[in-house]
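The next block holds one structure in the form of structure tokens; read it before the comments.
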Ligand SMILES: [Zn+2]
């Protein structure tokens, strides 16, 4: 397969990520500090928010001021877990799709979040371009990325325990489909796409097991919270949040009553698609995109 047109995807299908990493993984600290950063960056309310890499919906309740939320993930089983948590209603639209081929019309969303997702993107600029296209011109995009320029990697590099330099601008793939990025590179990519970075927060200053074991979590979260603003000046933490303003030129219909009007064909980009009950039909290329148990599936055409 052509790698450029079809970048490899990190798939969480059938993974117990939510329970092993978040619920029993000793990650209350990370969850707590992310919640604070999100609260500081994302406008409290709005119409239509796109949650990219929503997983099992860990963050979704933090967007409750939005009239409608589209949860997107490549893994259907993660979305099923999110559905169990949030229920099926008009407020939530569940979409299984590939970020490199987003199935939404241009200029649709007034807000988007992408947290712990870019970390798995082999072609990050291509993913970010897709996000820009589906956002309204003055949309708010909250992006979290894993920072290669963190204190731990600097120390390891100086001690000779790490071969790659945390100071160079290219992303580093430290494990298969796991990438850390230089903050300057992210800023450049966002700028090239017409986004304006309005705010930068550093997060997880104290992500060290000895601190997490010895200091009570609420206290550690409070310390982190009091330092996040320093991200405006330097970014040496393993996780960085940016608030970027921008989007595509066009302005979509916003929060329309019918979620069907949100979609375009990820194959030929035609819109609108036709509702056939158990699938959406693209009248242009004739591909069928399945709908099953309240989840729209745009990963592969349905061959019924
Ligand atoms: Zn089509």
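Here, each number is a calculation from the coordinates, and none is a lab measurement. For clarity, every value in this text was computed on a predicted model and none was experimentally measured. All Cβ positions, even for glycine, are placed from backbone atoms using ideal geometry, and neighbour counts span all protein chains on display.
Some points to look at:
- Using a cutoff of 8 angstrom between alpha carbon atoms and counting only pairs six or more residues apart, the relative contact order for region 118-269 works out to 36 percent.
- The distance from the alpha carbon centre of region 186-208 to that of region 6-68 is 17 Å, rounded to a whole number.
- Extension reserve of the residue 300-residue 268 stretch, reckoned as 0.36 nm per residue once the Cα distance is removed: 10.2 nm
- Estimated D of region 109-160 in µm² per second, where Rh is the Kirkwood radius over Cα pairs and Stokes-Einstein applies at 37 °C, 0.692 mPa s: 256
- Efficiency of FRET between residue 126 and residue 161 - r from beta-carbon atoms, R0 25 angstrom, step 0.05: 0.15
- Gain in span if fully extended, residue 151 to residue 8, counting 0.36 nm per residue against the direct Cα distance: 48.5 nm
- Added length on full extension, which subtracts the Cα-Cα distance from 0.36 nm per residue, residue 275 to residue 175: 31.9 nm
- Tensor-based shape of region 104-233 (alpha-carbon gyration tensor, a/c under 1.5 rounded, otherwise prolate or oblate): oblate
- Mean-position separation - Cα centroids, region 123-185 and region 210-233, in angstrom: 22
- Mean separation of Cα contacts under 8 Å (6+ apart) over length of the chain, as relative contact order %: 20
- Cα long-axis angle, helix 217-227 against the chain (0 to 90 degrees, to the nearest 10): 90
- Normalised by the number of residues in region 90-205, the average gap of Cα pairs under 8 Å and 6 or more apart makes the relative contact order 24 percent.
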